[in-house]
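Structure first, commentary second.
The values are calculated or read from the model by the stated rules, or taken from the named source; none is laboratory data. Everything numeric here is computed off the predicted structure, so don't read it as measured data. Positions of Cβ are generated from backbone atoms using ideal geometry, with glycine treated the same way; all protein chains shown enter the neighbour counts.
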Amino acid sequence: MLLKSWRIKAGAFFLTVLLFGFIPFALAEESPSIRSDPEDFYPSFQSDDPRSILLNVPSFTYDKRSDEIDSYPCTTCHGDEDLPPNPRVRDLEEMHAGVMLVHGNGRFWCLTCHSLNKRDYLVSLKNQLISFDESFLLCGQCHYERQKDFFFGAHGKRKDNWILERKLAVCTECHNPHVTKIKSRRPVATPQVRKGLKPMKRIVHEKHKIW
Amino acid sequence: MKKQKENQLKIKIKNRPDFSRRTALKALGTGVAAVGAVTAGRAGFGKTEVPAEYGLMDQFGEFFQQHYKKMSKEEISGVIERIERKYKAKYDLDVKVGDTPPFPGVVFGYALNINKCKGYRECVRGCVEENNQSRDPQIQYIRVLELDRGSLNLEKSEHYYDDQTDVPKDGKMYLPIQCHQCDNPPCVKACPVEATWKEPDGVVVVDYNWCIGCRMCANACPYWARRFNWSEPVIPKDEINPETHYLSNRPREKGVMEKCTFCIQRTRKGELPACHQACPTGARVFGNLLDVNSEIRYVLENKDIFRLKEELNTEPKFWYYTD
């Protein structure tokens, strides 16, 4: 009898814990989100001045891309009277015969990104001029998620320092804008196994089943 | 039979000489210390070669050197001068040993984008060149592991993947592992002589002159981040990096433990770590965790992140993220 009552007591206690023990969990507030992307940043929004997007992002500097391009400025040739602007889609010859435009799988033509009349500039889809140095403004028209990551530091490469002003590598320093896929390459030499040891054999544990 | 054996044992114990191991060692120790001090430099852990220019007084100084944290600034500068003299004698090179203190209000954090890492091992090369790691036998702080895409089973990872085939391979992902600079570092707890500790900027460092080479920290580390100098490290003279730090990349001796320090010789001057600079893919993000506007904070707050072996409660300051 005594045992029975003890059991009942224990059972009742267990039930109360089960019933009321979860109340604190139910009342607990959901922890606030830690996301910190600014709300006033609309990556795909095309304003009249393409550079206005830079007002909402942390400041940064970059190396001048135009110094690196061999045949820049383009107007050295294209400024001449003998080379009138030709918007026709055609096979490229002479100087630009080596350019393979794989990017966009045939949907693009040179003039999608290069300005027809102001040869030293790139051009946005809204026909705004963009400098060759600021390719991130152009690429961001389609790759806006990447562009946002680039501005805030999650994509791309920072150079020189972590403490002072940011210096970033712009898109075209790593990506060839005409053939964007980065080729695979050989890795740096395989590390040695520690002296006196042999490389371990790959053991496939699934082969030796215990059960 | 059993009783006989027990009796024999008792007799043996009774017949033991009447001084403990401790007293014996003490007596021995005082005698040996003086002799050892002189020979220590000459034959510290086997046969370390020390050139003649590194005099007897220097060897005494090396043997009786205090723990880094217990030394005053003057003592440390004296020690650094002596160490520079040693490198001059050993490598015939002016190696500058720095002692840059940590920035106040800075805790370093690292994030790595595993979508972007392609397994080129450029970070390993950059690290070895910067940190004066031994070329033969090879010591490398960073391991790039090759895993099946979609899996994170480190036991099935391949560290020694072939350098004759192009990377990234189809169906593989790459996971570089280096010291995670834990906020709750198990290696520091394991060290019996406190030769390793966590600096105010969150970096776990080693005093190579205080380390006794017992390798307990390497046992304790769940990330395989610590490396031991089993033999005299060999670095070609023209590949030695002369810009060093006492607690980081100064050339090590045989018989001491070494590890990644987030390149404090660079990062405490505001530069980026060598692995970050060497990475051609931009997969690495480095910065100050306490700065709300830093890139690392943006990544931690807005990306899908994970830490390796989080369940061990080591609180690593190294995150992996995807985008």
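If the condition is being buried (at least 19 other Cβ atoms within 10 Å of the Cβ) and within 10 Å of another protein chain (Cβ to nearest Cβ), then region B:123-133 contributes B:C123, B:V124, B:G126, B:V128. Condition (residue is modelled with pLDDT of 85 or more and surrounded by 10 or more Cβ atoms within 10 Å (Cβ to Cβ)) applied to region A:25-48: is it met by at least one residue? Checked region A:25-48: no residue is modelled with pLDDT of 85 or more and surrounded by 10 or more Cβ atoms within 10 Å (Cβ to Cβ).
Listed by position, the helices (runs of 4 or more DSSP H) enclosed by region A:94-211 that each have at least 1 residues that are hydrophobic (A, V, I, L, M, F, W, C), in contact with a Phe, Trp or Tyr (Cβ under 7 Å, 6 or more places away or on another chain) and crowded, with 17+ Cβ neighbours inside 10 Å are A:135-139, A:144-152, A:171-174. Return yes or no: is A:F150 within 13 Å of chain B (Cβ to nearest Cβ) and among the aromatic types (F, W, Y)? Yes, satisfied. Within region B:110-120, if we keep just the residues that are at the interface with chain A (Cβ under 10 Å from one of its Cβ atoms) and assigned to a strand (DSSP E or B), the residue that is surrounded by the fewest Cβ atoms within 10 Å (Cβ to Cβ) turns out to be B:N113. Pairs linking a residue in region A:159-175 that is more than 8 Å from chain B (Cβ to nearest Cβ) to a residue that is outside any loop (DSSP other than H, G, I, E, B) and among the polar types (S, T, N, Q), with Cβ atoms under 7 Å and 6 or more positions apart or on different chains, are A:E165/A:T61; A:K167/A:T61; A:V170/A:S135; A:C171/A:S135; A:T172/A:S135. Within the option set B:P137, B:P168, B:P102, being touching a residue at least 60 places away in the same chain (Cβ under 8 Å) and either over 20 Å from B:A274 (Cβ atoms) or exposed (fewer than 15 other Cβ atoms within 10 Å of the Cβ) (or both) holds for one residue only, B:P137.
Yes/no per residue for (1) assigned to a loop (DSSP other than H, G, I, E, B); (2) more than 14 Å from chain B (Cβ to nearest Cβ):
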| position | (1), (2) |
| --- | --- |
| A:P38 | yes, no |
| A:I53 | no, yes |
| A:Y72 | yes, yes |
| A:P87 | yes, yes |
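Of everything in region B:295-323 that's assigned to a loop (DSSP other than H, G, I, E, B) and not acidic (D, E), which residue is nearest to the other protein chains (Cβ to nearest Cβ)?
The residue in question is B:K303.
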